[in-house]
1. Could you provide, to the nearest whole Å², the per residue accessible area of the chain with probe 1.4 Å?
2. What residue among 67, 126, 48 has the largest mean-square fluctuation in a Gaussian network model of the chain, using Cα springs under 10 Å?
3. Once both axes come from the Cα atoms, what is the angle between helix 59-72 and the longest principal axis of the chain, in degrees from 0 to 90, rounded to 10?
4. Using only Cα positions of the stretch 109-181, each an equal point scatterer, no hydration layer, compute I(q)/I(0) via Debye at q = 0.22 Å⁻¹ and quote the log10 values to two decimals.
5. Using only alpha carbon positions, build the gyration tensor of the stretch 48-102, then give the equivalent ellipsoid semi-axes as the square roots of 5 times its eigenvalues, largest first, whole angstrom.
6. In square angstrom, rounded to the nearest 10, how much accessible surface does residue 120 have for a 1.4 Å probe?
7. Test of understanding: extend the Cα→C-beta vector of residue 3 to 7 Å, then name every residue of the stretch 150-178 with backbone N under 12 Å from that spot.
8. State which entries of 44/97; 78/134; 78/177; 34/89 exceed 27 angstrom in Cα-Cα distance in the structure shown.
Amino acid sequence: MKHIYIARHGLTDWNLVPKVQGITDIPLNEGGIKQAYGLAETIKKSGIKFDKILYSPLKRAAETAKIVGQVNDISCEKEPRLLEQNFGKWEGWECVKGDRSFHDAKQQFADDYKNGETMMKLAQRIYNLLDDLKAIPEDKNYLLVTHGGIARCIHSYFFSMTNEEYSSFQLRNCEIKKYNF
């Protein structure tokens, strides 16, 4: 059975606040670098052999992927379709406990958040990427290093979800997850 693995980037300063990062190019902080090395060691100990790591062009994902690749001697390739969603007016928005504004906005699939990217367009590019990976005739093992919004969309490719489940889905920083085609 063909499958892929995904991992979310390591921790950033904006994750700590927390702020909506979207396409804002925030680097890993010291904790995120440690998490990336921890992910690399988890992969090494698991015995999973990856043919390639595909990663988002944003610093936080690229840094995570390169650390994992270096520790495990896996080639890395930038994949522009793994770029986090452009959240438009929500970029840099500080999430306040109990405020569901951003959570609710993620359920508006045709809204571009004032010059951002709609969930529908996001799904199109991510589903196309997953279809392309699924169609590769060789049995290759890929790790996709990406972002929370992209992880949510990937999860929706494999599982039926309500709007509430979609907007609530989270992958922790440097968590790895396997999906079967």
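1. That works out to 50 Å² for each residue.
2. Comparing 67, 126, 48 in a Gaussian network model of the chain, the most mobile one is 48.
3. Rounded to the nearest ten degrees, it is 20.
4. Rounded to two decimals, the profile gives -1.12.
5. Ellipsoid semi-axes (Å, largest first): 31, 13, 9.
6. 120 Å²
7. Those under the cut-off are 177-178.
8. In this structure, 44/97; 34/89 exceed 27 Å between Cα atoms.
The values are calculated or read from the model by the stated rules, or taken from the named source; none is laboratory data. Not measured: the values here are computed from a predicted model. Cβ sites come from the backbone with ideal geometry, for glycine too, and all protein chains shown count toward neighbours. All accessible areas refer to the heavy atoms of the entire protein, side chains included, with ligands and DNA or RNA removed. Shrake-Rupley method; radii C 1.70, N 1.55, O 1.52, S 1.80 Å.
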